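Only one structure is covered here, and it is reproduced in the block below.
Quick note: the coordinates plus some simple rules give every number you see, no bench work behind them. Worth saying up front: this structure is predicted, and the values here are computed from it rather than measured. Reconstructed Cβ throughout: ideal geometry from the backbone, glycine too, with neighbour counts over all protein chains shown.
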Amino acid sequence: MAADIRFKKTLDFLDTYMSELEGRQTVLDLGVDNQLAMRMRANLGLKVDNTPLGMDLDVDYSEMVDNYKVFTAFEIFEHLFAPFNLLEHISGGVLYASVPLNVWFSPSYWNKEDKLDRHYHEFEVRQFNHLLDRTGWKLQAYEVWTTPDKFRVGIRPFMRYIFPSYYIVKAVKGQGVFTTSSL
């Protein structure tokens, strides 16, 4: 399934690019507690805090993010009206984030029952890179991937073999010589 592919690829990315933080940092994982946060605690020995259920990160973030230097945001920014505000507010640190990519053959996700569970943005790679750049983040590593589903038949499942649908990045923000070893 596509969710299993996303989860495995995200874990592989974290194992590659987050291992340098092992046990030394408290991470703010934007969003509610989840399997990825549990994995960061168990495998990397990190202390991971999450934002409370129902917290509207479009308007209620300053007190929460001001106390951290390492952030994760796995499929969060597409749910915000204005991810620019949150990304710009963070004064510095390391960001590990993934976003769904806009694919022309599938509509954006929209949960009619939950106003916080809707996609206001599904990015192109260049759009997300521009958002990071405009808010002071410098890209250090990235991956894009497809999410084929071999158990479904049809045009859209076939297209998911060809067109990337997820993008994950590691970015840094801060003074010119900022590295994860200086955290």
For this session: Let me have the 222 nm mean residue ellipticity of the chain computed from DSSP H runs of 4+ only, each contributing -39500 (n - 2.57), with the sum over all residues rounded to the nearest 500.
Result: -8500 deg cm²/dmol
Exercise. Trp137's amide H: which non-local residues (gap 5+, or another chain) put their own amide H closer than 5 Å, with H modeled 1.01 Å from N in plane and none for Pro or chain starts?
Worked result: none
Problem set entry | Most mobile listed residue (Pro148, Pro52, Pro100) in the chain, GNM with C-alpha springs under 10 Å | Pro52
Seminar exercise, completed: Yeah, the stretch 107-162 with a ≥ b ≥ c from its alpha-carbon gyration tensor (a/c under 1.5 is rounded, else prolate when a/b outruns b/c, oblate otherwise) is oblate
Seminar exercise, completed: Sparse-neighbourhood loop hits (trypsin sites (Lys or Arg not before Pro), the stretch 82-143; DSSP loop; Cβ within 10 Å at most 11 others) -> Lys112, Lys115
Exercise. Can you sort Glu113, Glu122 by how many other beta carbons sit within 10 Å, fewest first?
Worked result: Glu113, Glu122
Exercise. Ranked by Cβ crowding within 10 angstrom, fewest neighbours first, how are Thr16, Thr72, Thr10 ordered?
Worked result: Thr16, Thr10, Thr72
For this session: Have a look at Ser98, Ser165, Ser108 and tell me which one the Gaussian network model of the chain (Cα, springs below 10 Å) gives the largest fluctuation.
Result: Ser108
Exercise. Counting other Cβ atoms within 10 Å of each Cβ, which chymotrypsin sites (Phe, Trp or Tyr not before Pro) in the stretch 1-95 have at most 11 and sit in a DSSP loop?
Worked result: none
Problem set entry | Among Asp33, Asp149, Asp114, residue whose mean-square fluctuation peaks in a GNM of the chain (springs only between Cα atoms under 10 Å) | Asp114
For this session: With a point put 7 Å past each Cα toward its Cβ, work out how far Arg41 is from Val59 in nm, to one decimal.
Result: 3.1 nm
Problem set entry | Too-long pairs where the Cα-Cα distance tops 29 Å, listed order kept, from Lys9/Lys69; Lys9/Lys138; Lys47/Lys150; Lys69/Lys150 | Lys47/Lys150; Lys69/Lys150
Exercise. Just the C-alpha atoms of the stretch 2-173: what Rg/Rh do they give, with Rh taken as the Kirkwood radius?
Worked result: 0.95
Exercise. If you average the sequence gap of Cα pairs under 8 Å that are 6 or more apart and divide by the length of the stretch 2-173, what percent do you get for the contact order?
Worked result: 21 percent
For this session: Restricting to the stretch 2-173, compute how many DSSP beta bridges are antiparallel as a %, nearest 5.
Result: 55 percent
